[in-house]
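Below is one structure, written out as structure tokens, with a few remarks after it.
The values are calculated or read from the model by the stated rules, or taken from the named source; none is laboratory data. On a predicted model such as this, the values are computed, not experimentally measured, just so you know. As a convention, Cβ positions derive from the backbone with ideal geometry for all residues, glycine included, and neighbour counts pool all protein chains shown.
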Amino acid sequence: MSKNITSLELEDRRVGKDLYSYQRGAINKIFKCFEEAPEDYHLLYQLPTGGGKTVIFSEIVRQYLKHHKKKVLVMTHRIELCKQTSNMLKEFGVVNKVVSSKANLEDQDQYSCFVAMVETLNNRLQDNKLDISDIGLVIIDEAHYNSFTKLFKFFEKSFILGVTATPLSSNIKLPMKDNYNELIVGETIESLINNQFLAKAQVYSYNVGLTSLVVGANGDYTVKSSEDLYTNTDMLSKLIHAYEERSKGKKTLIFNNGINTSLHVYDTFRRAGYPVAHLDNTHSKKERKAILKWFRETPDAILTSVSILTTGFDEPTVESIILNRATKSLTLYYQMIGRGSRILKNKSTFTVIDLGNNFHRFGPWGSDIDWQRIFKSPNFYLDSLLNDEDIEENFRYEMPEALREAFSKSEDVYFDIKNAYISAVRAGESSKVVLERSIEHHAKICIENSEDVYDALDLAKQLSDDIDHRIHKYTKCISKSTYNFVKWLEDDYRKKLRSYLRHNFDEVFEAIHGKPAEG
């Protein structure tokens, strides 16, 4: 860029929003980079969701047009983002034209700024309907999507500025470092929280068995395998339980992987008497508008959706996010949680319920991430992520609070299968003694909390999840986990536990309480 833009010029009084100091700092860095770089330089700027990326690049457009005779093009990947971006630019005093499929481009000479959706722009460029000969600056919103790269050939003499919250390509085969020369990292989530620009996430992670999920060609879990898991009765019960435990009465956004799952979630919450709506990409604009209006105006509303609200959706009153899905996409993980991070006068925190082991896979939202390293070596980062088996290997079964109350007289309800197995092997014992000791432990906690054998047998029925977890751990230890074998072990364990209780109740009860059981 020929003319230097100083920080003093950014203090100019203008139409639009006041800029925060970190936003002004980012703009200075970006302009400095462009001033020193060749005219075809590709720069990537990272800033967390809620940090004001649109505000920053709108001010950049305003300043660029003020000092240059060339035009600006802003690209987005969705029509909703086109409209939002156009409106924000107008707030900054930038008159712009949206290049839609129906737009009349005969008056394009009257505009110095265009906003376009990538597919529409591609069609218009192929048809030579849009004159781009004097475009000096191209800004790409949500730059981690790969649909934009096919248009780069049209802008070989333009500065390109990509903006994203997560500089990690949505396609592992097309790393961002191949399309951008440099990354500028903005404020961290932690800094934005500490300075009261973003709300803090309080994350509650519920362990979920994901080994039935299948990874598709795009590197993420397939909708089919996700729907099979998340529409089953156990998972829907876990979802309702988690909501009632952590988010009841809060305005809640639920993300799913698949329309069918979202519909099941809708039915489940509706039957439970909660105010809930479902939204997906098959809804008309009118229906979508009405649903979002209801969601905005209803204090304890629950909105279940698929991926339609991960970008371009801004509802600061959201108090709770439920990830009712697993993802291998760091970007999607950050986008989903980011929907609850907008701060308000009476909102400095928000709740996140994770039902996809995403917290274990990616770490806490807002943790210290080396974006430069991810940008330069994306494969190294992706290869370092734990797989589902490794994650589940570290799970420790925790009784739900309601069930733990039924075992309130027991000091410790946890039995470490792995340690018991290691001890047995070291002692030269058969691995079968591990399950025998586990059954004795289960029997003991049942008897501790019972008046008679019938109470104990009833409590044993409620240990189903714990039994399955222990069998899963045991089969990992002995490296034998065919479906039929695991099923047989689970059934056999339950039979032996019932038998143990019937034959040993009186003896164990007296040993625990120092007196015989009544009756």
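Scanning the stretch 132-143 for residues that are within 18 Å of His68 (Cβ to Cβ) and either outside any loop (DSSP other than H, G, I, E, B) or not assigned by TED's automatic domain parsing to the domain that holds Pro48 (or both) returns Ile135, Gly136, Leu137, Val138, Ile139. Here Asn171 clears all of (1) at pLDDT below 90; (2) over 24 Å from Thr252 (Cβ atoms); (3) of a type outside the set (Lys, Arg); (4) crowded, with 20+ Cβ neighbours inside 10 Å except the condition numbered (4).
The rows are residues; the columns are (1) in contact (Cβ under 8 Å) with a residue 40 or more places away in the chain; (2) part of a strand (DSSP E or B).
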residue: Tyr333; (1), (2): no, no
residue: Gly340; (1), (2): yes, no
residue: Thr351; (1), (2): yes, yes
residue: Gly356; (1), (2): yes, no
residue: Phe359; (1), (2): yes, no
residue: Asp368; (1), (2): yes, no
residue: Leu382; (1), (2): yes, no
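Annotation note: Cβ proximity below 7 Å between a residue of the stretch 280-298 that is assigned by TED's automatic domain parsing to the domain that holds Glu315 and among the aliphatic types (A, V, I, L, M) and a residue that is surrounded by 14 or more Cβ atoms within 10 Å (Cβ to Cβ) and not in a loop (DSSP other than H, G, I, E, B) (sequence gap 6+ or interchain) occurs for Ile291/Ala277; Ile291/Leu279. Assess whether Ser21 counts as being out of contact with any Asp or Glu (no Cβ under 7 Å at 6 or more places or on another chain) and at pLDDT below 90. So Ser21 does not fit the description; no.
Taking the criterion of being over 25 Å from Ser225 (Cα atoms), buried (at least 16 other Cβ atoms within 10 Å of the Cβ) and among the small types (Gly, Ala, Ser), the only residue of the stretch 259-302 that qualifies is Ala301. With respect to (1) at pLDDT 90 or above; (2) touching a helix residue (DSSP H, G or I) at 6+ places or on another chain (Cβ under 6 Å); (3) not aliphatic (A, V, I, L, M), the lone exception for Gly16 is condition (1).
Total residues in the stretch 352-383 satisfying the condition of being among the polar types (S, T, N, Q) and over 23 Å from Ser226 (Cα atoms): the figure is 4.
Taking the residues in the stretch 340-355 that are surrounded by fewer than 23 Cβ atoms within 10 Å (Cβ to Cβ) and of a type in the set (D, E, K, R) as candidates, determine which candidate is nearest to Ile322 (Cα to Cα). Checked the stretch 340-355; the qualifying residue nearest to Ile322 (Cα to Cα) is Arg342. Look at (1) buried (at least 18 other Cβ atoms within 10 Å of the Cβ); (2) touching a residue at least 24 places away in the same chain (Cβ under 8 Å) and you find that Lys150 fails only one, number (1). For the stretch 144-163, a residue qualifies if it is touching a strand residue (DSSP E or B) at 6+ places or on another chain (Cβ under 6 Å) and not in a loop (DSSP other than H, G, I, E, B), and the qualifying residues are Phe148, Phe155, Phe159, Ile160, Leu161, Gly162, Val163.
Within the stretch 361-385, being buried (at least 18 other Cβ atoms within 10 Å of the Cβ) and closer than 19 Å to Gln202 by Cα holds for Arg361, Phe362, Trp365, Gly366, Ile369. Taken together, the criteria place Ile193 among residues that are in a helix (DSSP H, G or I) and under 26 Å from Gly340 (Cα atoms).
Hey, any hits in the stretch 302-311 for a residue that's farther than 23 Å from His77 by Cα and touching a helix residue (DSSP H, G or I) at 6+ places or on another chain (Cβ under 9 Å)? Yes; the residues of the stretch 302-311 include at least one that is farther than 23 Å from His77 by Cα and touching a helix residue (DSSP H, G or I) at 6+ places or on another chain (Cβ under 9 Å). Taking the condition in contact with a Leu (Cβ under 7 Å, 6 or more places away or on another chain), closer than 19 Å to Tyr64 by Cβ and either among the aromatic types (Phe, Trp, Tyr) or without any contact (Cβ under 8 Å) to a residue 40 or more places away in the chain (or both), does Phe159 pass? Yes: the conditions hold for Phe159.
Entry remark, the stretch 20-54: residues being of a type in the set (Asp, Glu) and part of a helix (DSSP H, G or I) number 2 in total.
Within the stretch 39-50, if we keep just the residues that are at pLDDT below 90 and not β-branched (Val, Ile, Thr), the residue that is nearest to Phe313 (Cα to Cα) turns out to be Gly50.
Residues of the stretch 45-68 being touching a residue at least 60 places away in the same chain (Cβ under 8 Å) and either among the basic types (Lys, Arg) or more than 22 Å from Ser341 (Cα to Cα) (or both), which ones? Lys53, Ile60, Val61, Tyr64, His67, His68 - these are the residues of the stretch 45-68 that are touching a residue at least 60 places away in the same chain (Cβ under 8 Å) and either among the basic types (Lys, Arg) or more than 22 Å from Ser341 (Cα to Cα) (or both).
All of Lys129, Lys102 fail the test of being in contact with a Leu (Cβ under 6 Å, 6 or more places away or on another chain), farther than 30 Å from Met336 by Cβ and in a loop (DSSP other than H, G, I, E, B), apart from Lys129.
Out of all the residues in the stretch 386-396, is one or more at pLDDT 90 or above, in a helix (DSSP H, G or I) and either buried (at least 20 other Cβ atoms within 10 Å of the Cβ) or not acidic (Asp, Glu) (or both)? Scanning the stretch 386-396, I find no residue that is at pLDDT 90 or above, in a helix (DSSP H, G or I) and either buried (at least 20 other Cβ atoms within 10 Å of the Cβ) or not acidic (Asp, Glu) (or both), so the answer is no.
For (1) surrounded by fewer than 21 Cβ atoms within 10 Å (Cβ to Cβ); (2) over 23 Å from Gln63 (Cα atoms), each residue gets a yes or a no:
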{"position": "Val94", "(1), (2)": "no, no"}
{"position": "Asp109", "(1), (2)": "yes, no"}
{"position": "Leu121", "(1), (2)": "no, yes"}
{"position": "Gln126", "(1), (2)": "yes, yes"}
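Restricted to the stretch 420-519, the set of helices (runs of 4 or more DSSP H) holding at least 2 residues that are among the aromatic types (Phe, Trp, Tyr), surrounded by 16 or more Cβ atoms within 10 Å (Cβ to Cβ) and not assigned by TED's automatic domain parsing to the domain that holds Gly209 comprises 483-513.
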